[in-house]
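Visitor: Please read through the structure below; I'll follow up with questions.
Just so you know, all these numbers are worked out from the coordinates, no wet-lab data involved. All values reported here derive from a predicted model rather than from experimental measurement. All Cβ positions, glycine included, derive from the backbone under ideal geometry; neighbour counts span all protein chains shown.
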Amino acid sequence: MDFNFTEEQSMLRDTVASYLQDRYDFDSRRKIISSDAGWSKDVWSAFANELGILGAPFSEDHGGLGGGAIENMIVMEEFGKALVVEPYLSTVVIGGGFLKHSGYAGAADLIGSVIGGETVIAFAYAEPQGRYNWADLKTTAKKDGAGWILNGHKAVVVGAPWATHLIVTARTAGGQRDASGVSVFIVEKGAKGVTTRDYPTVDGQRASEVYFENVSVGADALIGTADAGLPLVNKVLDEATAAVCAEAVGAMRKLHEGTLDYARQRKQFGVPIASFQVLQHRMVDMFMNVEQSVSMTYMATMKVDESDAERAKAVSAAKVQIGKACKFVGQNAIQIHGGMGMTDELAIGHYFKRATMIEGLFGSVDHHLRRYEGLSFDAAA
C-alpha cells in the first residue's frame, strides 16, 4: 500500500509545521491555556484565513481544499507535536464529518462558516452512565409539532466553552441502550434551555457539562434520519478516532525526542545517561512503539472510506496500538526524566498528560480489543 504523500499534502504538512514552530511554541501555549478563555481566537482565525487549514478535509464545492481523512491526519499529527488546544477535532473532523456524511440540508452554509472560522462545534455525545456505548442515552428528543424538545445531560463536552453550536445525540425511540432510536441534532449553544458548567481538563483543554431543559429546536435541527443515527455516529467517531491516533503519534514523537535529548545531557557517574545500555534499550523500545503507531494510524486512515466492518476493524486495531504505545512511551519518558518530568515548567509532562487522555478517548484499549474481536468473529461466521 502506498504511504507516500502527494505534493499538496506535503505542502500542507510543511505549512502547518512552520506556523506552529514560529507562533505556537511551548511558552505561547502555556499562556493560551492559562488565559481566561483557554484558547486563542487569533490562532483560530489564522487557521481559517491565513493557513486555510479549516477547509483541508472539505470538497472544493464547499470552498475547501478537496482533501479528506489523510489531510485531517496530517494536520492532527502536527497539532499533536505542538499540543494545540484549539478545537479542530470537534469542529472540523467531527462537526464536518456529520455535515458531510448525513446529507444535511444546511450543510453547505455551515461548512462554509466552519471553513471561515465563524462556526465552532462541540460534540455532546457522552453521558455519565454510557461508558463507550454510544447508544446508551438518557437524553431524549420528543416530537413537538414539526420540531423537537430536548432534555438531558451530556458530560465532558470538550470544546463546548468555545462552541457556537452543539451536535447532540438523543434518544427518539426505543429503550435506553437500543441501537435503533438514536437521532442526531445540531443546536445553537445559545438556545433557550441550554446551560453549561465549564472547567479545564488535566491536559490543558476546556470542557463543559451541558444540560438541556425543554430545549425547542426546529425540524431542520435533525441531522440524518430520525431513529437511525447510530451508524452515522459510528462512522464519524471512527474518523475522529483515526485523527486522534495521528495526534497521539505527534505527541509521542515529541516524548521520544525530548527523552533522547535529556538523556544525552543528563550526567550520572560523570557520563551521559544515554550511554547506559539499559536506557538505550528502553529508548529503542519507545522508538519502535512510535513507528508501529505510525503504520497502524496510516492504515486506519486509508480505510475510513471502506465498508463499515473494515473501517471499524482498522480503527480499533490502530487505537489498541496507540493506547498501549501512549502508556509505554509516556511512562518511560517520565521515568527517565525523573520527578522533574511531571513539573508544569517542563514540556514533557504536558505531552504525557495529553497522551494519557488520548488512551481513553473514544474507547480504551480493552474496549477496542473487544470490538475488534467481535467484528472478527462476525466476519468468520
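Visitor: Of Ser295, Ala314, Met340, which is farthest on the positive side of the dipole of the range 231-380, counting Cα position, with +1 on Lys and Arg Cβ, -1 on Asp and Glu Cβ, and the Cα centre as origin?
Guide: The Cα lying farthest towards the positive end belongs to Met340.
Visitor: Oh, and also: Sort Tyr132, Tyr351, Tyr88 so the one with the fewest other Cβ atoms within 10 Å of its own Cβ comes first.
Guide: With the fewest neighbours first, Tyr132, Tyr351, Tyr88 line up as Tyr132, Tyr88, Tyr351.
Visitor: In whole angstrom, how far apart do the alpha carbon centroids of the range 322-342 and the range 107-179 sit?
Guide: 34 Å
Visitor: Based only on other Cβ atoms within 10 Å, what is the fewest-to-most ordering of Met342, Met286?
Guide: Going from sparsest to densest Cβ surroundings: Met342, Met286.
Visitor: Let me ask something else about it. If every alpha-carbon in the range 176-321 counts as one equal scatterer, what log10 I(q)/I(0) does Debye give at q = 0.12, 0.17 1/Å?
Guide: So the normalised log intensities are -0.77, -1.08.
Visitor: Enter the angle in degrees (range 0 to 90, nearest 10) between the Cα long axis of helix 347-360 and the first principal axis of the Cα atoms of the chain, meaning the one along which they spread out most.
Guide: 40 degrees
Visitor: When the helices in the chain are scored as -39500 (n - 2.57) per DSSP H run of 4 or longer and the sum is shared across all residues, what 222 nm value do you end up with, to the nearest 500 deg cm²/dmol?
Guide: -16000 deg cm²/dmol
Visitor: Might you report the magnitude of the Cβ-based charge dipole of the chain about its Cα centre, with Lys and Arg at +1 and Asp and Glu at -1, to the nearest 20 debye?
Guide: Magnitude of the dipole: close to 1260 debye.
Visitor: Farthest toward the dipole's positive end in the chain, which of Phe185, Pro272, His165, given Cβ charges of +1 (Lys, Arg) and -1 (Asp, Glu) about the Cα centre?
Guide: Among Phe185, Pro272, His165, the one farthest towards the positive end of the dipole of the chain is Pro272.
Visitor: Using the Karplus equation 6.51 cos²θ - 1.76 cosθ + 1.60 (θ = phi - 60°), what ³J(HN,Hα) coupling, rounded to whole Hz, does each residue of the range 116-126 give in order, writing x for Gly and Pro?
Guide: Rounded to whole hertz, the list is x, x, 7, 9, 10, 10, 10, 9, 9, 10, 7.
Visitor: Given a cut-off of under 8 Å on Cα pairs at least six residues apart, what relative contact order in percent is computed for the range 7-119?
Guide: 30 percent
Visitor: Once R0 is set to 30 Å, what does the formula 1/(1 + (r/R0)^6) return for the Cβ-Cβ distance between Arg131 and Lys41, expressed as a FRET efficiency to the nearest 0.05?
Guide: Efficiency at R0 = 30 Å is approximately 0.30.
Visitor: Related question: Taking the beta-carbon count within 10 Å as an exposure proxy, list Ser307, Ser376 from fewest neighbours to most. Intermediate values should be presented prior to the final figure.
Guide: On the way: Ser307 9, Ser376 13.
Going from least to most buried by this count: Ser307, Ser376.
Visitor: Quick one: compute the contact order of the chain, relative version, from alpha carbon pairs under 8 angstrom and 6+ residues apart, as a percent.
Guide: Computed over the chain, the figure is 14 percent.
Visitor: Same structure, new question: Which semi-axis lengths, in whole Å and largest first, follow from the square roots of five times the eigenvalues of the Cα gyration tensor of the range 122-228? Walk me through the numbers on the way to the answer.
Guide: Values: eigenvalues 96, 54, 22 Å².
So the equivalent ellipsoid measures 22, 16, 10 Å along its semi-axes.
Visitor: How much FRET efficiency would the formula 1/(1 + (r/R0)^6) give for Lys192 and Ala108, where r is the Cβ-Cβ distance and R0 is 30 Å, rounded to 0.05?
Guide: The formula returns an efficiency of 0.65 here.
Visitor: Tell me the angle of helix 7-23 to the major Cα principal axis of the chain, expressed in degrees between 0 and 90 and rounded to the nearest ten.
Guide: It is inclined by approximately 70 degrees.
Visitor: Can you give me the P(r) profile for the range 7-119? Cα pairs, bins 10 angstrom wide beginning at 0, each as a whole percent.
Guide: 14, 48, 30, 8, 0
Visitor: Same structure, new question: May I ask you to work out the translational diffusion coefficient for the chain at 25 °C, viscosity 0.890 mPa s, via Stokes-Einstein with Rh from the Kirkwood sum over Cα pairs, reported in whole µm²/s?
Guide: Translational diffusion coefficient: 114 µm²/s.
Visitor: Could you calculate the contour length gain from Lys142 to Ser28, that is, 0.36 nm times the residue separation minus the distance between their Cα atoms, to one decimal place in nm?
Guide: Gain in length upon complete extension: 36.5 nm.
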